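Participant: Dropping a structure here in structure tokens format, bear with me for questions.
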2 protein chains.
Amino acid sequence: MRVLIYGAGQLARMMALSAVPMGIEVQAVDVGSETVVDPISKLPAGMSLSQAIEEADVLSVEFEHVPEHLLEQAHVSGKLKPGIEAILTGADRVREKRLLERLGIANCAHRIVTDVEQLEEAVAALGERLILKASRDGYDGYGQWRLAQAADLAGLKTALAELDLNKVPLVVEQMADFSRELSLVGVRDAKGRCQFYPLAENLHYQGQLHVSLAPAPGITEALTTQAQQAFTALATELDYVGVLAVEFFQVDDRLLVNEIAPRVHNSGHWSMQGADTSQFENHIRAICGLPLGCTAALRPSAMINIIGCKEFSQQLLSIPECHLHWYGKSVRKKRKMGHINVSAESYAALGARLEKLSGYLPMEHFPKLVAEAQRLQSL
Amino acid sequence: MRVLIYGAGQLARMMALSAVPMGIEVQAVDVGSETVVDPISKLPAGMSLSQAIEEADVLSVEFEHVPEHLLEQAHVSGKLKPGIEAILTGADRVREKRLLERLGIANCAHRIVTDVEQLEEAVAALGERLILKASRDGYDGYGQWRLAQAADLAGLKTALAELDLNKVPLVVEQMADFSRELSLVGVRDAKGRCQFYPLAENLHYQGQLHVSLAPAPGITEALTTQAQQAFTALATELDYVGVLAVEFFQVDDRLLVNEIAPRVHNSGHWSMQGADTSQFENHIRAICGLPLGCTAALRPSAMINIIGCKEFSQQLLSIPECHLHWYGKSVRKKRKMGHINVSAESYAALGARLEKLSGYLPMEHFPKLVAEAQRLQSL
């Protein structure tokens with residue numbers, strides 16, 4: 001079997017690495033140059049995009065921001081999984097909000113704003129603590145603005161004045177007073193069967209995910225049920241096939257959907273060591289029509305992103321059950337260079353390992369690590 | 001870092017798949033054509049062998065039968081791990097026997113025979129139930145003969161008459177009355193630290209490994225100690241770096257070394273799902289000077305070789321904790337095409353899963369599976 005992934009970054013690479021043992025060949029499309037490459041070596045595959053589409057059994061994506069003309073071309077082949085609607089929904093916060101509303105899934109109170117003059121009404125309805133997100137191309141904290149108090153509104157309007165809000169509307173959300181961020185990564189097969197990884201707890205810094213912990217501590221059955229019901233409603237409505245991630249804010253004992261990602265997700269990378277079948281293998285299994293693999297956590301695991309740096313001691317591999325996943329990219333500020341997975345038999349033991357890990361890493365690039373190591377040891 | 005592996009088969013491929021996440025690039029040498037290839041795609045790497053040796057940080061092997069002129073060239077580069085003596089010892093049963101004798105490691109009573117006329121003396125000393133093995137190129141049951149009774153000696157001498165026993169002597173062994181075959185896969189780093197996977201039990205059929213089970217059931221501490229002591233003595237003497245496999249016959253509560261393999265080993269493939277760090281990752285870690293990973297078994301696991309067939313139901317992946325490892329080769333009689341790893345929380349549960357697995361496979365190619373499934377359920 002042959003799979004073609006749109007996007008040739010680390011997610012395509014990790015999907016390819018998990019597909020090879022199943023005898024499935026993965027090629028990737030560099031969506032900028034529209035060339036077909038090997039997602040591991042990044043070498044040209046020696047074929048045109050249309051030839052690659054023709055020869056592939058399944059097409060999929062590693063990210064939702066695929067240019068629309070490429071998505072359309074993939075869609076008309078009849079081989080795209082998940083489908084174009086799911087991908088477009090993940091790429092557009094307005095579509096996403098409308099879907100959540102239609103399905104009655106709890107999310108943050110919000111307004112869609114197509115003109116800066118509508119901001120006053122939004123403040124009146126939602127209060128003065130707001131987060132404004134561009135409907136499209138909002139990725140890792142880009143294209144977002146915050147309002148902390150009504151007095152700053154005039155300045156914000158000036159900052160937004162140059163944007164064409166009719167073309168790219170803003171989703172203006174009430175800043176949720178949440179206790180933590182959680183995500184549910186799950187997988188749905190073509191027959192509609194869903195399997196779920198446990199909820200992960202996600203620690204962000206300056207708009208980027210830094211640490212995921214799975215299973216998230218202190219999860220009640222009620223929280224899991226809410227999350228799985230939201231996932232199932234979304235995946236069913238979208239007739240989804242593959243791995244889907246749903247991000248939540250936890251407010252008391254309620255979950256509000258923050259956003260959905262129609263693909264394998266950074267907060268599921270722990271599954272490469274922490275579960276029997278990783279999210280990458282399960283995405284490939286699902287889109288290729290193979291039975292899904294087990295998603296239960298084998299033991300508590302943490303995923304630590306390596307962001308914007310490449311200098312650290314390889315001796316970190318001396319920590320038991322510690323694995324490096326390097327993406328082979330050149331270093332750039334705020335760029336995800338790789339991640340580290342650490343597992344242990346208990347949260348306390350995991351915390352101790354993370355504390356040890358912090359000794360091998362430049363702490364200025366890992367602002368969430370030490371506090372998380374200490375928190376886990378005190379659980 | 002860059003690693004060059006001699007041999008471009010499944011072992012090089014699985015080493016490469018485990019090296020990529022650590023940011024280590026693996027290339028392979030097709031030792032027949034002496035070309036350098038990508039061990040995953042098998043595409044030419046676009047460089048000469050001498051250039052690849054020059055650019056590599058470490059050289060290693062996926063099998064011991066590398067032509068000697070290539071081994072010598074690798075050796076003089078100063079980058080070969082494990083060293084040439086270890087590889088030549090694994091490739092030559094006479095060298096191997098001499099090493100075992102020198103170190104006082106228990107093995108089968110034997111004679112080295114360089115002339116068929118010495119066979120009478122061997123029968124007189126060892127008895128009439130013998131196994132004769134060519135010192136070199138004995139691989140997967142080729143180059144082996146058996147004597148069941150003294151009366152057959154004349155016929156055997158005729159069969160051997162055409163061989164040049166001075167060039168390739170025979171190791172003539174007393175057929176051991178063993179209860180089972182076990183193997184110890186371990187890894188030694190450049191500083192001499194060893195870590196061991198648990199002993200695996202191996203089921204052969206017509207000279208080929210069909211099923212490995214790890215940890216082997218019913219292993220006493222005394223057996224583990226014997227195996228680890230033999231491994232450590234061999235690895236220390238050879239100043240070994242990397243994964244080494246030692247195969248044993250169990251006779252009552254004693255272990256006799258059958259043979260050693262200076263490389264990752266088929267009886268260690270279960271570690272891809274059954275241990276935190278697979279033998280492939282640990283070999284790469286060791287030869288690249290990285291800390292070794294954990295070798296403990298997470299849960300009971302079985303490895304089932306797929307030999308000489310490629311037709312089976314992919315629905316076998318519906319069995320929990322069941323993973324396919326396909327090598328991407330064309331089918332040939334007795335050729336190892338791939339393997340299946342199955343894990344479970346107990347031997348009994350593992351046996352039940354193997355029984356289910358047998359329903360998805362053509363049983364004529366899996367002669368050991370059903371009986372093993374039943375045995376595990378009765379443990």
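The values are calculated or read from the model by the stated rules, or taken from the named source; none is laboratory data. Computed from a predicted model, the values in this text were never measured in an experiment. Methodologically, a virtual Cβ is constructed for each residue, glycine included, from the backbone with ideal geometry; neighbour enumeration extends over all protein chains shown. Surface accessibility is based on the protein's heavy atoms, side chains included, excluding ligands, DNA and RNA. Shrake-Rupley method; radii C 1.70, N 1.55, O 1.52, S 1.80 Å.
Participant: Across the stretch A:220-231, what is the number of residues that are open to solvent by less than 50 Å² (accessible area, probe 1.4 Å) and over 17 Å from the mean Cα position of the chain (by Cα)?
Facilitator: 2
Participant: Counting only residues that are open to solvent by 20 Å² or more (accessible area, probe 1.4 Å) and either in the same structural domain as A:N282 (by TED's automatic domain parsing) or touching a Pro at 6+ places or on another chain (Cβ under 7 Å) (or both), how many does the stretch A:18-33 have?
Facilitator: Residues that pass the stated criteria total 1.
Conditions (1) within 12 Å of chain A (Cβ to nearest Cβ); (2) surrounded by fewer than 24 Cβ atoms within 10 Å (Cβ to Cβ); (3) in contact (Cβ under 8 Å) with a residue 40 or more places away in the chain; (4) more than 19 Å from the chain's Cα centre (by Cα), marked per residue:
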residue: B:Y6; (1), (2), (3), (4): no, no, yes, no
residue: B:T35; (1), (2), (3), (4): no, yes, no, yes
residue: B:A45; (1), (2), (3), (4): yes, yes, no, yes
residue: B:I53; (1), (2), (3), (4): no, yes, yes, yes
residue: B:S60; (1), (2), (3), (4): no, no, yes, no
residue: B:P67; (1), (2), (3), (4): no, yes, no, no
residue: B:L70; (1), (2), (3), (4): no, yes, yes, yes
residue: B:I87; (1), (2), (3), (4): no, no, yes, no
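Participant: Would you mention how many residues in the stretch A:343-353 are outside any loop (DSSP other than H, G, I, E, B) and within 11 Å of chain B (Cβ to nearest Cβ)?
Facilitator: 1
Participant: Still on this structure, please answer the following. Which one is nearest to A:A12 (Cα to Cα), of the residues in the stretch A:257-280 that are open to solvent by 10 Å² or more (accessible area, probe 1.4 Å) and either assigned to a strand (DSSP E or B) or touching a Phe, Trp or Tyr at 6+ places or on another chain (Cβ under 8 Å) (or both)? Don't jump to the end; show me each part of the working.
Facilitator: Within the stretch A:257-280, the first condition is being open to solvent by 10 Å² or more (accessible area, probe 1.4 Å), and the residues that meet it are A:258-259, A:263, A:265-266, A:272-273, A:276, A:278.
Within this subset, residues satisfying the condition of being either assigned to a strand (DSSP E or B) or touching a Phe, Trp or Tyr at 6+ places or on another chain (Cβ under 8 Å) (or both) are A:258-259, A:263, A:272.
Numbers: A:N258: 24, A:E259: 21, A:R263: 10, A:M272: 14 Å.
So, considering only residues that are open to solvent by 10 Å² or more (accessible area, probe 1.4 Å) and either assigned to a strand (DSSP E or B) or touching a Phe, Trp or Tyr at 6+ places or on another chain (Cβ under 8 Å) (or both), the one nearest to A:A12 (Cα to Cα) is A:R263.
Participant: Next up: Would you confirm whether or not the stretch B:325-342 contains a residue that is in a loop (DSSP other than H, G, I, E, B), modelled with pLDDT of 95 or more and crowded, with 20+ Cβ neighbours inside 10 Å?
Facilitator: Looking for residues that are in a loop (DSSP other than H, G, I, E, B), modelled with pLDDT of 95 or more and crowded, with 20+ Cβ neighbours inside 10 Å, one finds none in the stretch B:325-342, hence no.
Participant: For residues in the stretch B:174-184 being within 20 Å of the chain's Cα centre (by Cα) and either among the acidic types (D, E) or in a strand (DSSP E or B) (or both), which is farthest from B:L132 (Cα to Cα)?
Facilitator: B:L184
Participant: Sticking with this structure for a sec: Identify the single condition in (1) under 19 Å from the mean Cα position of the chain (by Cα); (2) more than 14 Å from chain A (Cβ to nearest Cβ); (3) polar (S, T, N, Q) that B:S77 does not satisfy, given that it satisfies every other one.
Facilitator: (1)
Participant: Another question, then. Residues B:P291, B:P320: which one is touching a residue at least 60 places away in the same chain (Cβ under 8 Å), assigned to a loop (DSSP other than H, G, I, E, B), open to solvent by 10 Å² or more (accessible area, probe 1.4 Å) and not assigned by TED's automatic domain parsing to the domain that holds B:A56?
Facilitator: Numbers: B:P320 fails: touching a residue at least 60 places away in the same chain (Cβ under 8 Å).
Unique residue meeting the criteria: B:P291.
Participant: Scan the stretch B:294-317 for residues that are open to solvent by 10 Å² or more (accessible area, probe 1.4 Å), facing another protein chain (nearest Cβ under 8 Å) and not in a loop (DSSP other than H, G, I, E, B) and jot them down.
Facilitator: B:Q314, B:Q315
Participant: Hey, does the stretch A:354-362 have a residue that's assigned to a loop (DSSP other than H, G, I, E, B) and within 24 Å of A:G207 (Cα to Cα)?
Facilitator: Checking the stretch A:354-362: at least one residue is assigned to a loop (DSSP other than H, G, I, E, B) and within 24 Å of A:G207 (Cα to Cα).
Participant: Give the residue that is nearest to B:V264 (Cα to Cα), with candidates limited to residues of the stretch B:166-208 that are small (G, A, S) and touching a helix residue (DSSP H, G or I) at 6+ places or on another chain (Cβ under 9 Å). Spell out how you get there, then give the answer.
Facilitator: In the first step, residues of the stretch B:166-208 are kept if they are small (G, A, S); the result is B:176, B:179, B:183, B:186, B:190, B:192, B:200, B:207.
From what is left, the residues that are touching a helix residue (DSSP H, G or I) at 6+ places or on another chain (Cβ under 9 Å) are B:183, B:186, B:190, B:192, B:200.
On the way: B:S183: 12, B:G186: 9, B:A190: 17, B:G192: 18, B:A200: 14 Å.
Applying the filter and picking the extreme gives B:G186.
Participant: Given the condition of a type in the set (F, W, Y), in a strand (DSSP E or B), buried (at least 18 other Cβ atoms within 10 Å of the Cβ) and within 16 Å of the chain's Cα centre (by Cα), answer yes or no: does some residue in the stretch A:233-256 qualify?
Facilitator: Yes, there is a match, as at least one residue in the stretch A:233-256 is of a type in the set (F, W, Y), in a strand (DSSP E or B), buried (at least 18 other Cβ atoms within 10 Å of the Cβ) and within 16 Å of the chain's Cα centre (by Cα).
Participant: Among the residues of the stretch B:363-379, write down those that are open to solvent by less than 60 Å² (accessible area, probe 1.4 Å), under 19 Å from B:P217 (Cβ atoms) and either in contact with a strand residue (DSSP E or B) (Cβ under 8 Å, 6 or more places away or on another chain) or outside any helix (DSSP H, G or I) (or both).
Facilitator: Within the stretch B:363-379, B:L369, B:E372, B:L376 meet the criteria.
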